[in-house]
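S.K.: Before we start, here is the structure in question, set down as structure tokens.
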Amino acid sequence: MLVVMKAQATEDDIRAVCQKIESLGYRAHPLPGEQRTAIGITGNQGEVEMGTVEEMAGVQEIIRVSKPYKLVSRDVKPDNTVIAFHNSAATIGGSSLAVIAGPCAVENRDQAFKTAERVARAGAQFFRAGAYKPRTSPYSFQGMGEDGLRIMAEIRERFGLLVVTEAVDNESLELVERYADVIQIGARNMQNFSLLKRAGRARKPVLVKRGISATLEEFLMAAEYVMSEGNYNVILCERGVRTFADHARNTLDLTVVPAVQRLSHLPIIVDPSHGTGQRDKVTPLARAAIAVGADGLMVEVHHDPDRALSDGMQSLYPDQFDALMGQVRQIAAVLGRDIALVGATIPAAVSK
Ligand code: PEP
Ligand code: MN
């Protein structure tokens, strides 16, 4: 159920409707839009009994949302969600593209700093790297943990890059929430419902990567889990799905971008690195992702990929990332978009 407020409804009207909904035992989610506010209702097991809400001041109509996802749906919020950050000019979901780049994992301070310096200089606004790595083998490098998070916090200070990093369980989420600007939920955890709910109680935006075999509906339901707990700053990320094709690590499903945009107001970005698993395919698919209308990219870049502890085969060399950014800028312009300059201050001593 969804209560659509009139364009001229006041803050007091909205608050009164929310209070009424909560007094009926449901949860109210006010979602302001450009024209008017809609209030999503969750917490009902069956039919919602709305009592006298329809007659309250400022209420235009009550709509039944028949889809399983409610808060994620464009029915609830027709305008695109734009995620803003208090400590940067970067946004995700607006007309400017968000570029998230960095190594698969933080391996040590020197590696992280060298890579960060290059991605900042190329114009990325976000630095990505894992401090907790969900590896297929328990014998592979598992990440540096909190020490890795501390290095990323230093990188934010030094280069003005916002930090995106993965939480693999509730325990790591506590720490990631403290250090990062965006909490990443990885493909393998897309249906870890207790983790999604915990992320929904966090006060940082959450980037949800598509599960390895997730349908569009399952992908959107993962975002719904986060939103149902009150965190409305969710970013979706297509990262390839498993198919019979064996010419790449995964099959990057770019069709999902317009499919998501039709159904949901949430931003969607594309990760061509995990989506292809092969360095030579990352740049072409990154270009395609922007052309298809994605709100941004997540790209693995390593200052020395041949020595990377994880995902070196799919990590771009910094020079390749420079070239990619130049191409993305041109494709973005065709679509009336750009890449926001965040004015990263790169100390001369480092940029040499
Ligand atoms: C990652 O971004 O480093 C990662 C592990 O991605 P995914 O969860 O998509 O495999
Ligand atoms: Mn990786």
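The values are calculated or read from the model by the stated rules, or taken from the named source; none is laboratory data. The structure presented is a predicted model; accordingly, all values stated were derived computationally and were not measured. Here Cβ is always computed from backbone atoms with ideal geometry, including for glycine, and neighbour counts include all displayed protein chains.
S.K.: Tally up the residues in segment 115-136 that are at pLDDT below 95 and either β-branched (V, I, T) or away from ligand 2 (no atom under 15 Å from the Cβ) (or both), please.
M.R.: 1
One line per residue, one yes/no per condition, for (1) under 21 Å from T91 (Cβ atoms); (2) surrounded by fewer than 17 Cβ atoms within 10 Å (Cβ to Cβ); (3) within 15 Å of the chain's Cα centre (by Cα):
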| site | (1), (2), (3) |
| --- | --- |
| H247 | no, yes, no |
| Q261 | yes, no, yes |
| D271 | yes, no, yes |
| R287 | no, no, no |
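S.K.: F321 versus (1) more than 16 Å from ligand 2 (Cβ to nearest atom); (2) part of a helix (DSSP H, G or I): which is the lone unmet condition?
M.R.: (1) is the only condition that F321 fails.
S.K.: Now for a separate question. For residues in segment 102-125 being among the hydrophobic types (A, V, I, L, M, F, W, C) and over 15 Å from L324 (Cα atoms), which is nearest to ligand 1 (Cβ to nearest atom)?
M.R.: The selected residue is C104.
S.K.: Among residues belonging to segment 5-16 that are among the hydrophobic types (A, V, I, L, M, F, W, C) and part of a helix (DSSP H, G or I), point out the one that is farthest from G200 (Cα to Cα).
M.R.: Residue satisfying both the conditions and the ranking: A16.
S.K.: Continuing with this model, one more query. Return the residues of segment 173-193 that are assigned to a helix (DSSP H, G or I) and under 24 Å from Q125 (Cβ atoms); say none if nothing qualifies.
M.R.: The answer is L173, L175, V176, E177, R178, Y179, A187.
S.K.: Just need a number here: residues in segment 183-236 that are surrounded by fewer than 24 Cβ atoms within 10 Å (Cβ to Cβ), in contact (Cβ under 8 Å) with a residue 12 or more places away in the chain and among the β-branched types (V, I, T).
M.R.: So the count comes out to 1.
S.K.: Looking at this structure, is T283 more than 14 Å from ligand 1 (Cβ to nearest atom) and among the β-branched types (V, I, T)?
M.R.: Yes.
S.K.: Any idea which of (1) touching a Phe, Trp or Tyr at 6+ places or on another chain (Cβ under 7 Å); (2) crowded, with 22+ Cβ neighbours inside 10 Å; (3) not hydrophobic (A, V, I, L, M, F, W, C) is the one S310 doesn't satisfy?
M.R.: Just one mismatch for S310, condition (2).
S.K.: List the pairs whose first member sits in segment 328-343 and is more than 19 Å from G160 (Cα to Cα) and modelled with pLDDT of 95 or more, whose second member is in a helix (DSSP H, G or I) and of a type in the set (F, W, Y), and whose Cβ atoms are under 7 Å apart, counting only residues at least 6 apart or on separate chains?
M.R.: From segment 328-343, no pairs qualify.
S.K.: Is it the case that R158 is at pLDDT 95 or above, farther than 19 Å from S315 by Cα and surrounded by 15 or more Cβ atoms within 10 Å (Cβ to Cβ)?
M.R.: Judged against the criteria, R158 is a match.
S.K.: Which of the residues spanning segment 135-167 are within 14 Å of ligand 1 (Cβ to nearest atom), closer than 23 Å to G296 by Cα and either in a loop (DSSP other than H, G, I, E, B) or not acidic (D, E) (or both)?
M.R.: Across segment 135-167, the qualifying residues are M152, V163, V164, T165, A167.
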